[in-house]
Amino acid sequence: MGFTTAALLAGTAACGGNESGTSQPTRTITETPPTVTVTTSEPSTPSQSAPTGPASQTQYLSDLDPLTSTQGVDTNTVEISGVGFARSVTLIVNAAGPVASAEYNLGRHWDSFSATAGLRDDSPTGGKLTFDVSVDGKQEYSETIPLGTLKKVDLDVSNALRLKLTVTYSGQDAGSSYYGSWGNARLQD
């Protein structure tokens, strides 16, 4: 091998090649140390806002099991006079079972009961039901409501132990069932 060939091979080897003429890639690896930032701040002082009491709590009757019920309780979403209520209690009545009720334990923990009462929109045309609410055995609300009408119910239940909802059939169509609903029936403290 001559001087020119030897010099050429030496130059190739110095550039990362080998005698076969292929080159190896050159890699450069650099590491950067992690950066740590330290900051200091003054301790925060409490704001001077007015003190607030505990937040009001709400309990929907649809999330509770009744202590007693005469014909069961339906807790699905309902429409009363075209208005939707997602958390409702419905009692079903007809000629065979003209009165339906459900009683709930309040445990003396709640201040108010509220709901929107009326017949569920899929009740028969011309129907009407009587809606009653009793608190510790004393009737606090009674209203006869026709289909397509809704009534707001707001009652003080402070220190009450029991709440009873009752729906009474008025004898319109003996072969049909009527759905007395308490839309978004809830307790608040």
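Residue check: is Leu91 buried (at least 19 other Cβ atoms within 10 Å of the Cβ), in a strand (DSSP E or B), at negative phi and within 24 Å of the chain's Cα centre (by Cα)? The answer is yes for Leu91.
Here's the yes/no breakdown for (1) in contact with a Pro (Cβ under 8 Å, 6 or more places away or on another chain); (2) of a type in the set (A, V, I, L, M):
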{"position": "Val99", "(1), (2)": "no, yes"}
{"position": "Asn105", "(1), (2)": "no, no"}
{"position": "Asp111", "(1), (2)": "no, no"}
{"position": "Leu119", "(1), (2)": "yes, yes"}
{"position": "Thr125", "(1), (2)": "no, no"}
{"position": "Gln139", "(1), (2)": "no, no"}
{"position": "Leu161", "(1), (2)": "no, yes"}
{"position": "Ser176", "(1), (2)": "yes, no"}
{"position": "Asn184", "(1), (2)": "no, no"}
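Residues of the stretch 76-88 that are open to solvent by 10 Å² or more (accessible area, probe 1.4 Å) and part of a strand (DSSP E or B): Glu79, Val83, Gly84, Phe85.
Every test in (1) more than 20 Å from the chain's Cα centre (by Cα); (2) under 21 Å from Ser158 (Cβ atoms); (3) open to solvent by less than 60 Å² (accessible area, probe 1.4 Å); (4) not aliphatic (A, V, I, L, M) is passed by His109 save one, and that test is (3). Among the residues here, Ser56 does not qualify as in a strand (DSSP E or B) and over 15 Å from Arg162 (Cβ atoms).
Right, Pro66: touching a residue at least 40 places away in the same chain (Cβ under 8 Å), within 24 Å of Tyr178 (Cβ to Cβ) and part of a loop (DSSP other than H, G, I, E, B) or not? Write out each step before concluding.
Details: touching a residue at least 40 places away in the same chain (Cβ under 8 Å): no; within 24 Å of Tyr178 (Cβ to Cβ): yes; part of a loop (DSSP other than H, G, I, E, B): yes.
Judged against the criteria, Pro66 is not a match.
When Thr45 is tested against (1) modelled with pLDDT under 95; (2) closer than 15 Å to Thr166 by Cβ; (3) open to solvent by 20 Å² or more (accessible area, probe 1.4 Å), only condition (2) is not met.
The values are calculated or read from the model by the stated rules, or taken from the named source; none is laboratory data. Computed from a predicted structure; not experimentally measured. Positions of Cβ are generated from backbone atoms using ideal geometry, with glycine treated the same way; all protein chains shown enter the neighbour counts. These area figures cover heavy atoms from the full protein model, side chains too; ligands, DNA and RNA do not enter into them. Shrake-Rupley method; radii C 1.70, N 1.55, O 1.52, S 1.80 Å.
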